Structures are given as structure tokens and as C-alpha cells.
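The values are calculated or read from the model by the stated rules, or taken from the named source; none is laboratory data. Remember, predicted model here, so these are calculated numbers, not experimental data. For neighbour counting, all protein chains shown are included, and Cβ atoms are generated from backbone atoms with ideal geometry for every residue, glycine included. When the accessible area is computed, the model is the full protein with side chains, heavy atoms only, and any ligands, DNA or RNA have been set aside. Shrake-Rupley method; radii C 1.70, N 1.55, O 1.52, S 1.80 Å.
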Amino acid sequence: MNEFPDIRIPIGTGVEKFIDFLAENFSAFFDFIFVIASGSIKGLESALLFIPWWIFIIIIFLLGWYFTSLYGGLLFSAFIFLIGTFHLWAETMTTISVVLISVILALLIGIPLGILMTFNKTFSNTMRPVLDAMQTMPTFVYLIPVIFFFPLGNVPAVIATIIYALPPVSRLTELGIRNVDQEVIESAQSFGSSRTQMLMKVQLPQALPTIMAGINQTTMMALAMAVVGSMVGAQGLGERVLYAINRIDISLGFEAGVSIVFLAIIIDRITGGIAERLQKHRRNVS
């Protein structure tokens, strides 16, 4: 009586059959995605590696100085220099490439999704539990289906990262547009603005600081997938961490891990600084 009855609802089996169906019938589509994503990652990685190390450090310094402070620029450039002294420069460029491609694709999907959720309450109510599931699902679970569709490497890591990192920007895009001052909307309507004009010239500019906060969270979550993605063959700093774990190499593990921390700090402060500047600009305009 204390044991659960012998009842089984094979949801997992149904999901497995659905994944097999997609892999068999849409292989050309997934091959196309692989070629585009792989080419983009390799192209961006080659471009970053082509930049001399000292110019890259200067760029980081200028970005940090402009969007945070002089101290921030000096600190961020010192972080990048330290990563170079760890002999992890190429791996860092690979990680940046994977994160940037993942974030760009997540934004191209997530921001329009958030806009649709703003203007369609039914669609918003439908997407919210889906986004909840995407955000709370253990990250390792995402790696299982993607390896059926793509060869091991950076591409399946990018796809898993997009799924994991997409919810914040969608949610905050919807929140930012919904929180636009109603008086501003009514003023634009009184001038005969169409829905498209209202969105492009009023709502999105007003919601931009909130959307930037979503971009910040999406970027940080994408970077958090660096180590997880290495389990499906993703290269970069995550691969070095995984290698160190397998070899119990404390030195390499610490250096690769702290390099990821350095990148996270730089990205977080710079994107946060961009959001603050947009917020100040919005206040000055209003």
C-alpha cells in the first residue's frame, strides 16, 4: 500500500521518438544550420586571432574606460593580459567567439519573441511556462538532443547555449515595453502614429535600458555554458577546465577557471555600463 502503483506514462519515450523523427526528416535543415553556425564561429575566431594581442587589450581598455571608468579600463586590460600570460589566448578567443555568436542568435530570436509577447496576451501566457522550463531545466539536459542533430564541436554547444540564455532577454523585452509610460504612448497616438511607428520610435527606445539588462543576463548565461558546452566537444576555456578535471590538474583548472571569471566580469561591467548610459540618456531626453 505504501508503494506507488505500477503506472507509467512514457513521456520520455514520446520525446525520444519526436527527436528521431526530426533527425531523420529534417537532416538537410540541420546541416544548413551547422554550416552557417560553424562558418560564423570560425570566421569570428579567425578575426579575433588576427588582431594583435596589444591592440585587443587597448580595445578592452577603451571600452572599459568609456562605459565604466578609467580604473575599470585599466583593470579589464590587466585581466586580459593575465589571461595571455596563462597561455590561454587562443582558447579565450574561441570562447568569446562562441559566446558572441550564441548571444547574437539568442537576441535575434529573443527580442522579437518578447515583442510578440507584449502585443499578444494569449501568446505571452503560452510562452511563459515554456520560458520557465527553458530557464530551469538542468543545463546538461540540453546537450542530449543537440548531439543527435549536429556533430560534436562548437555548434551543438551554441544551440544549447541559445536555448538556455534566450529567456531573460525575451522576458525583459516584454517587461520593458509594457512599462513604457502610458502618457508617452497616448501622446504618440494623438499625433497619428501607427503601431509600427509607435514600436520603433517610442516603445523600443523607452524600453532600451530594460532590454539592455536582458542582454546582460543573456550574455552572462551564455558564458556560464562555456564549461557545459565542452562536454559536447566545444573548444575554448571550458575545454581546458574539463581537461583539468579529467587529469586532476589544479594549476590548469584554476587558470582556465579564473580566465572565465575575468571574461564574466568584463562583459558584465561593460554591458551594465551601456545600460546605465542609456538610462541617463533617457532621463535627459525626458
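Couple of notes before you dig in:
- Seen from every direction in turn and averaged, the convex hull around the alpha carbons of the chain projects onto 21.1 nm².
- Share of carbon and sulfur in the accessible heavy-atom surface of segment 1-88 [1.4 Å probe, %]: 72
- Here the mean projected area of the convex hull built on the C-alpha positions of segment 1-81 is 12.2 nm².
- Accessible surface, per residue, of segment 115-213 when the full set of protein chains is kept, probe 1.4 Å, Å²: 51
- With Cα atoms as the point set, segment 114-253 shows a radius of gyration and Dmax of 19.7, 67 Å.
- Ellipticity at 222 nm from helices only: DSSP H runs of n ≥ 4 in the chain, each -39500 (n - 2.57), divided by the residue count, give -28000 deg cm²/dmol.
- Spatial offset of segment 10-27 relative to segment 172-190 amounts to 42 Å, using the alpha carbon center of each.
- Residues of type lysines that Lys201 reaches as a straight line, Cα spacing below 28 Å, ignoring anything fewer than 8 places off in the same chain: Lys121, Lys280
- Burial order of peptide ranges 236-245, 30-39, 257-266, 128-137 (average beta-carbon count within 10 Å, highest first): 236-245, 257-266, 30-39, 128-137
- Mean Cα-pair separation over length for the chain, i.e. relative contact order, pairs under 8 Å, 6 or more apart, %: 22
- Projecting the Cα positions of Ile115, Gly257, Met127 onto the charge dipole of the chain (unit charges on Cβ atoms of Lys, Arg, Asp and Glu, taken about the Cα centre) puts Ile115 furthest along the positive direction.
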